[in-house]
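Participant: To start, I am sharing the structure in question, which I have written as structure tokens.
The values are calculated or read from the model by the stated rules, or taken from the named source; none is laboratory data. Here the structure is a predicted model, which is why all the values come from computation and not from measurement. Note: ideal-geometry Cβ built from the backbone for every residue, glycine included; neighbour counts use all protein chains shown.
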Amino acid sequence: MAFISKVDYRFYKKIYKAAYVISIILLILVLVAGKTINESKRWIYIGSISFQPSELVKFCMIIFFAGLLTKDREELKYFVKGWIYHLLPLIPIAALLLLEPHMSVTMVIGGTILVMMIIAGCKLWQMVIPRYSHWNTCPYCNNNCRTI
């Protein structure tokens, strides 16, 4: 953690897409080559060293969503372009984590991303009341849209 905070933030902005790809690869790798302990595949053993890829995925998801949310700041106020578009990349990550099964990390990543999205500018009330949040905010139909 101390090492991550010493790296210049501009470096993370350059590698945010790679962080997502690395996360997917690690989660698939743990499902394929991971060792089953108590009916869960969460650990990868390399010789006498073991590590849990989901811990690295947490950091990778923070890097990825930070890059994604800063790139599309103007569109975060809309329901589809704000919430839906930005939550789609989380679906494969959550699915792979749930296949391990690793519900706790799935919830931590989901909660962290939710807070990041709200801080970045997504409207919380749009997620709570999605049916009515779209009214008067549709960028495609001159704000006269009455359906989602």
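Participant: Search segment 12-27 for residues that are free of Cβ contacts under 8 Å to residues at least 40 places away in the same chain and closer than 17 Å to residue 105 by Cα and pair each with any residue that is of a type in the set (Ser, Thr, Tyr) and crowded, with 17+ Cβ neighbours inside 10 Å when their beta-carbon atoms are under 9 Å apart and the residues are at least 6 apart or on different chains.
Facilitator: Hits for this filter: 26/54.
Participant: Let me ask something else. I'd like to verify a number: residues in segment 77-126 that are closer than 20 Å to residue 26 by Cβ and of a type in the set (Ser, Thr, Tyr), how many?
Facilitator: 3
Participant: So, one more: Residues in segment 31-43: is at least one touching a residue at least 24 places away in the same chain (Cβ under 8 Å), charged (D, E, K, R) and under 27 Å from residue 118 (Cα atoms)?
Facilitator: No, segment 31-43 contains no residue that is touching a residue at least 24 places away in the same chain (Cβ under 8 Å), charged (D, E, K, R) and under 27 Å from residue 118 (Cα atoms).
Participant: Follow-up. Which ranges mark the strands (runs of 3 or more DSSP E) fully within segment 1-115 that have 3 or more residues being not β-branched (Val, Ile, Thr)?
Facilitator: Details: elements: 35-37, 40-46, 49-51.
Correct list: 40-46.
Participant: Let me ask something additional. Quick one: how many residues across segment 55-69 are within 21 Å of residue 100 (Cα to Cα) and either touching a Leu at 6+ places or on another chain (Cβ under 6 Å) or of a type in the set (A, V, I, L, M) (or both)?
Facilitator: 4
Participant: Also: Yes or no: residue 58 among the basic types (Lys, Arg) and modelled with pLDDT of 85 or more?
Facilitator: For residue 58, the condition - among the basic types (Lys, Arg) and modelled with pLDDT of 85 or more - is met.
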